[in-house]
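To start, the structure under review is shown below, and the notes come after it.
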Amino acid sequence: MGTVIIGIAGGTASGKTTIAKKVYETTSKQGTVSLIKIDDYYKILDHLTFEERTKVNYDHPDAYDIELLTKHLCELKEGKTIKKPVYDFVVHNRSKEITETIEPSNIIIVEGILVLEDKKIICRLTQAESLSFTPNSRVRVQLRARLKDGTTIASRIRDVTVGNVLKEGII
């Protein structure tokens, strides 16, 4: 059996990280497992001030360095070790000093809101034995999470539609 890549996607507060951790714990009994969060692949924004970086829409596909992510997935699948970037949420930028060494493994879990949105990532998933799914959570929970962390709902939540909001009885 080759490398299995598991893609876990979903909106804010949908349970992606919880599911990814549980899958990691469960599958680590079956062999070696790597967990990659696509948040660590936000583009380097050194050219922007801190104030400008706080206003970036990080929920948009253009916020990610998809080229590097797909390159790393290929390298892991080929049995190569990678130096995964680490995103620093305090400074809203990729860390310049810190990387995480990820060894090749039997199972690679890729977690993030847009894991199943980009064609290059989907291509990586489909070229390996893979499994992907999106946790189904209530829109209300996602809205509460965004309100608690102080972000602007209109600019950050992309998966909330008027129909969902009305159906869920939020307004």
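The values are calculated or read from the model by the stated rules, or taken from the named source; none is laboratory data. Note that the coordinates shown come from a computational prediction; the quantities given were computed from them, not determined experimentally. Cβ atoms come from the backbone with ideal geometry, glycine included; neighbour counts cover every protein chain shown. Ligands, DNA and RNA are excluded from the accessible area calculation, which covers all protein heavy atoms including side chains. Shrake-Rupley method; radii C 1.70, N 1.55, O 1.52, S 1.80 Å.
Once the 1.4 Å probe is applied to the protein heavy atoms, the range 20-108 comes out at 57 Å² accessible per residue. Using only side-chain charges placed at the Cβ, +1 for Lys and Arg and -1 for Asp and Glu, the dipole size of the range 1-74 relative to its Cα centre rounds to 440 debye. Each Cα pair under 8 Å and six or more residues apart adds its separation to the average, and for the range 1-114 the resulting relative contact order is 45 percent.
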